[in-house]
Amino acid sequence: MGVAPGIVLGTAARVDRSPVPIEHVHLPQSLLESEVSRLYEAVERAEASIDQLEASLESGGGTGEHLGILGAHRVMLRDPMLLGESERHIRQQAMNAEWAVSETLAHIGEIFAHIEDPFFRERGSDVEHVGDLLLRMLSGEDGYDNAIEDISKGAVVVADGLSPAEALAVARRSVSAFVLEHGTVTSHTAIVARSMNIPAVVAVPGVTEHIGEGDRIIVDGDEGEIIISPSREEELVYARRERRQRAFKRALRQNRSKPATTTDGHEVIIRGNLDFASDVSRIGDAGGQGVGLFRTEFLFIDRTDLPDEEEQLDIYTRVLHAASPHAVTIRTLDLGGDKQLRTERDGIVMSPGLRAIRYCLRDRVLFDAQLRALLRASVHGELRLLIPFVTSMSEVRRVKRAISEVREKLVAEGHAVADDIPLGFMVEVPGAALIAESLAAEADFLSVGTNDLIQYTLAIARDDEGVTGLYQPLHPAVMRLLEMTTRAAHAAEVPVSICGEMAADPRYALVLLALGFNELSMTASAIPLVKEVIRRSSKEESLALLEHIRGMTHATEIADHVDSLMIDRFSDIVRPSMRSAPRSAR
Ligand code: PEP
Ligand code: MG
């Protein structure tokens, strides 16, 4: 499945997610004693590395929590079950130490998995970390981070899967493409790839078995194809295709600064999604009118220290300046799910449900630092604040209270804060769409996160490739929720936008226009195409299309109808391959 467009011919660099390759060998009896000693030496080196980390944390102002975790890791390293069982495997089964330790870890992992109490069950991951450390010491490797460090510029990264933080670290090395065995179009890893303009093909079964380090490989992120060790002819075909695509994109960009106004005079504001502050100029270059979604959590997840108020202030101020005179919609932290901090927070454990605003309202130290930075930045441009994952009016009340507390404190300290900062709520949970009227009454704008809204409406995890075909943006249930949201926003006379991936797909532009969205926000590369589709359409025809599909009950029937209409109507710019789900899945 192609999840980020572009064609690349490059050399494969493998990133093995397993932190250490484990050798499995039976040793002769004469070597068993020295193998046991090797195990204990590795334990000592692991302890030394914990000491080192602890010292650097202490001097860097680490919290008691961090130090407590490291202390616990040290105790686990010496745990008689881990060492005793490993030693037994070496002596009795003549296993090498790595094999013995990994067998023991698998056994301990199973025990943890069966613990009923979720708190103790979670501690299994600490044992995993400790085991990883021990295995790394045994094999003399430095682990995953080093695998990333070794990737050279321009490489095609081939991996089983990458977390968003890992994708970020890899992307920063200026790689040319991603090919992943796992992944989906709305996973944050795919979003990172798109926003960094890195062609990506994901959900390729068996790819890590077939591509070796240094293999030449063509990656076509538009068609979702890869060719390993291409022939000369294949290389020529792809080079031609790549040139054609570049010419097509150049042509589209010529009209980019014209507004997205339909032939019958309805303007849709098109903004850009921003995952990295440094990319803000790409939105303006593509014809976007400011930022519709700045995912600030990406500032937090690929590092072990956290950006403080001053660092955030500097980043938000720079983005506001760069986007001026347009508005910048900055979303408060949407941590949780697949976007995890790399550091532990005092006493607050994220869980799949405790994410985004729910998490922030618990971790007021983190949230208030962000709010302080945002409010202080507000005097430097047109700031709009966006709150993710809202599900209840009590959250709305608590968010407003938090903002006014922070404002009062800042003013008392003598800081300047803009008088009027528009506050918007994301509608990305079905419950939020169902209370859209109440939300709209308290909001200055609403923004629909279709990525999450679709996953929670249709009960399909967005990163579960097993149900990719069930990710159906035009499912009648989804459309009803979208319409409830736009109706509520119109009644309250507040703007309503979509900032999920659905907005970036030109095939949906007419339906979204008809549903009443007056703003769309998307990855910069999609802006010229979506603007062009809107400019060539009329609101009237979009309403006729909506009327027609309203009579249909099957999601697949609706999708096929909209697909074929859009492809016929915009044959030169909308192609069948630009789809959110593979054709076979429909
Ligand atoms: C969404 O859910 O559609 C959205 C825009 O937020 P994110 O993709 O960051 O979850
Ligand atoms: Mg979301």
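The values are calculated or read from the model by the stated rules, or taken from the named source; none is laboratory data. Everything quoted here is computed from the prediction, not taken from an experiment. Positions of Cβ are generated from backbone atoms using ideal geometry, with glycine treated the same way; all protein chains shown enter the neighbour counts.
So, residue 457, is that one part of a helix (DSSP H, G or I) and within 15 Å of ligand 2 (Cβ to nearest atom) or not?
Values: part of a helix (DSSP H, G or I): yes; within 15 Å of ligand 2 (Cβ to nearest atom): yes.
Spelling it out, residue 457 is indeed part of a helix (DSSP H, G or I) and within 15 Å of ligand 2 (Cβ to nearest atom).
Is it the case that some residue within the range 174-189 is surrounded by fewer than 18 Cβ atoms within 10 Å (Cβ to Cβ), modelled with pLDDT of 80 or more and among the acidic types (Asp, Glu)? Walk me through it before giving the result.
Of the residues in the range 174-189, the ones surrounded by fewer than 18 Cβ atoms within 10 Å (Cβ to Cβ) are 174.
After this cut, where a residue has to be modelled with pLDDT of 80 or more as well, the list is 174.
Restricting the remaining residues to those that are among the acidic types (Asp, Glu) gives none.
The answer is no; no qualifying residue exists.
For residue 428, state whether it is within 18 Å of residue 495 (Cα to Cα) and within 16 Å of ligand 2 (Cβ to nearest atom).
Against the criterion (within 18 Å of residue 495 (Cα to Cα) and within 16 Å of ligand 2 (Cβ to nearest atom)), residue 428 qualifies.
Kindly indicate whether residue 353 is surrounded by fewer than 16 Cβ atoms within 10 Å (Cβ to Cβ) and within 16 Å of ligand 2 (Cβ to nearest atom).
In short, yes.
For the subset of the range 483-524 comprising residues that are among the hydroxyl-bearing types (Ser, Thr, Tyr) and touching a Lys or Arg at 6+ places or on another chain (Cβ under 7 Å), which member is farthest from ligand 2 (Cβ to nearest atom)? Lay out the reasoning, then the answer.
Filtering the range 483-524 for residues among the hydroxyl-bearing types (Ser, Thr, Tyr) gives 485-486, 497, 508, 521, 523.
Those still in the list that are touching a Lys or Arg at 6+ places or on another chain (Cβ under 7 Å) too: 521, 523.
Numbers: 521: 12, 523: 14 Å.
The qualifying residue farthest from ligand 2 (Cβ to nearest atom) is 523.
Looking only at residues that are hydrophobic (A, V, I, L, M, F, W, C) and part of a loop (DSSP other than H, G, I, E, B) in the range 325-337, which one is modelled with the highest pLDDT? I'd like the intermediate steps shown before the answer.
Filtering the range 325-337 down to residues hydrophobic (A, V, I, L, M, F, W, C) leaves 327-328, 330, 333, 335.
Keeping just the survivors that are part of a loop (DSSP other than H, G, I, E, B) gives 333, 335.
Values: 333: 96, 335: 91.
For the range 325-337, the residue satisfying everything is 333.
Need at least 2 residues that are at pLDDT 95 or above, touching a Leu at 6+ places or on another chain (Cβ under 6 Å) and over 17 Å from residue 471 (Cα atoms) per element, so show me which helices (runs of 4 or more DSSP H) inside the range 488-586 make the cut, counting only ones lying wholly within it. Give the steps one after another, and end with the answer.
Details: elements: 509-515, 527-535, 539-550, 555-569.
Hits in the range 488-586: 509-515, 539-550.
Criterion first (closer than 26 Å to residue 269 by Cα and within 16 Å of ligand 1 (Cβ to nearest atom)) does residue 334 satisfy it? Break it down into steps so the answer makes sense when it comes.
Working: closer than 26 Å to residue 269 by Cα: yes; within 16 Å of ligand 1 (Cβ to nearest atom): yes.
Yes; evaluated as a whole, the condition is true for this residue.
Can you name the residue in the range 362-411 that is among the charged types (D, E, K, R) and surrounded by 18 or more Cβ atoms within 10 Å (Cβ to Cβ) and, of all such residues, is nearest to ligand 2 (Cβ to nearest atom)?
Just the residues of the range 362-411 that are among the charged types (D, E, K, R), to begin with: 362-364, 368, 372, 376, 382, 384, 395, 397-398, 400-401, 405, 407-409.
Okay, now just the ones that are also surrounded by 18 or more Cβ atoms within 10 Å (Cβ to Cβ), so 363, 372, 376, 382, 384, 395, 407.
Working: 363: 19, 372: 24, 376: 26, 382: 23, 384: 17, 395: 15, 407: 26 Å.
By that ranking, first place goes to 395.
Test residue 365 against the stated conditions and say whether it is modelled with pLDDT under 95 and out of contact with any Gly (no Cβ under 8 Å at 6 or more places or on another chain). I'd like the intermediate steps shown before the answer.
Numbers: modelled with pLDDT under 95: yes; out of contact with any Gly (no Cβ under 8 Å at 6 or more places or on another chain): yes.
Taking the combined requirement at face value, the residue satisfies it.
Between 265, 288, which is buried (at least 19 other Cβ atoms within 10 Å of the Cβ) and at pLDDT 90 or above?
Numbers: 265 fails: buried (at least 19 other Cβ atoms within 10 Å of the Cβ).
Exactly one of 265, 288 is buried (at least 19 other Cβ atoms within 10 Å of the Cβ) and at pLDDT 90 or above, namely 288.
Applying the selection to the range 377-398, what residues are within 21 Å of residue 418 (Cα to Cα), more than 16 Å from ligand 1 (Cβ to nearest atom), in contact (Cβ under 8 Å) with a residue 12 or more places away in the chain and not small (Gly, Ala, Ser)? Lay out the reasoning, then the answer.
Looking only at the range 377-398, we keep the residues that are within 21 Å of residue 418 (Cα to Cα), and these are 377-387, 396-398.
Narrowing further to those that are more than 16 Å from ligand 1 (Cβ to nearest atom): 377-383, 396-398.
Of the ones still in play, those that are also in contact (Cβ under 8 Å) with a residue 12 or more places away in the chain are 377-383, 396, 398.
Within the range 377-398, 379, 380, 382, 383, 396, 398 qualify.
In the range 338-361, which residue that is in contact (Cβ under 8 Å) with a residue 40 or more places away in the chain, under 22 Å from residue 167 (Cα atoms) and not in a strand (DSSP E or B) is farthest from ligand 1 (Cβ to nearest atom)?
First, the residues of the range 338-361 that are in contact (Cβ under 8 Å) with a residue 40 or more places away in the chain: 338-347, 349, 357, 361.
Okay, now just the ones that are also under 22 Å from residue 167 (Cα atoms), so 338-344.
This time we only want the ones that are not in a strand (DSSP E or B), so: 338, 340-344.
Details: 338: 9, 340: 14, 341: 16, 342: 18, 343: 21, 344: 23 Å.
Top of the filtered list is 344.
Could you tell me how many of the residues in the range 303-324 are surrounded by 15 or more Cβ atoms within 10 Å (Cβ to Cβ) and outside any loop (DSSP other than H, G, I, E, B)? Show your work before the answer.
Residues of the range 303-324 surrounded by 15 or more Cβ atoms within 10 Å (Cβ to Cβ): 306-307, 309, 312-313, 315-320, 322-323.
Narrowing the set further to residues that are outside any loop (DSSP other than H, G, I, E, B) leaves 309, 312-313, 315-320, 322-323.
Total satisfying the criteria: 11.
Mind listing just one residue for me: the one in the range 379-402 that is assigned to a helix (DSSP H, G or I) and within 26 Å of the chain's Cα centre (by Cα) and, of those, farthest from residue 434 (Cα to Cα)? Don't jump to the end; show me each part of the working.
First pass over the range 379-402, keeping only residues assigned to a helix (DSSP H, G or I): 379-380, 393-402.
From the residues that got through so far, the ones that are within 26 Å of the chain's Cα centre (by Cα) too are 395-396, 399.
On the way: 395: 15, 396: 15, 399: 20 Å.
Step by step, filter the range 379-402, then rank; the result is 399.
Taking residue 315 and the conditions (1) away from ligand 2 (no atom under 15 Å from the Cβ); (2) in contact with a Pro (Cβ under 8 Å, 6 or more places away or on another chain); (3) over 27 Å from residue 269 (Cβ atoms), which numbered condition does it fall short on, given that it satisfies the others?
(3)
Tell me, yes or no, whether the range 281-294 has at least one residue that is in a loop (DSSP other than H, G, I, E, B), farther than 21 Å from residue 380 by Cβ and away from ligand 2 (no atom under 16 Å from the Cβ).
So in the range 281-294, the residues in a loop (DSSP other than H, G, I, E, B) come out as 286-290.
Now drop any that are not farther than 21 Å from residue 380 by Cβ, which leaves 286-287.
Pick out the ones that are also away from ligand 2 (no atom under 16 Å from the Cβ) and you get 286-287.
Checked the range 281-294: at least one residue is in a loop (DSSP other than H, G, I, E, B), farther than 21 Å from residue 380 by Cβ and away from ligand 2 (no atom under 16 Å from the Cβ).
Among the candidates 309, 297, which residue alone is within 16 Å of ligand 2 (Cβ to nearest atom), farther than 10 Å from residue 277 by Cβ, out of contact with any Pro (no Cβ under 7 Å at 6 or more places or on another chain) and touching a residue at least 40 places away in the same chain (Cβ under 8 Å)?
On the way: 309 fails: within 16 Å of ligand 2 (Cβ to nearest atom).
The match here is 297.
Within the range 429-446, can one find any residue that is under 21 Å from residue 292 (Cα atoms), in a loop (DSSP other than H, G, I, E, B), in contact with a Ser or Thr (Cβ under 6 Å, 6 or more places away or on another chain) and within 16 Å of ligand 1 (Cβ to nearest atom)?
yes
I want to confirm something. Restricting to the range 268-285 and keeping residues that are within 18 Å of the chain's Cα centre (by Cα) and among the aliphatic types (A, V, I, L, M), which single residue is modelled with the lowest pLDDT?
Filtering the range 268-285 for residues within 18 Å of the chain's Cα centre (by Cα) gives 272-280.
Next, only the ones that are among the aliphatic types (A, V, I, L, M) stay: 274, 277, 280.
Values: 274: 94, 277: 89, 280: 92.
By that ranking, first place goes to 277.
Out of the range 462-481, which residues are away from ligand 1 (no atom under 12 Å from the Cβ) and of a type in the set (A, V, I, L, M)?
467, 470, 474, 477, 479, 481
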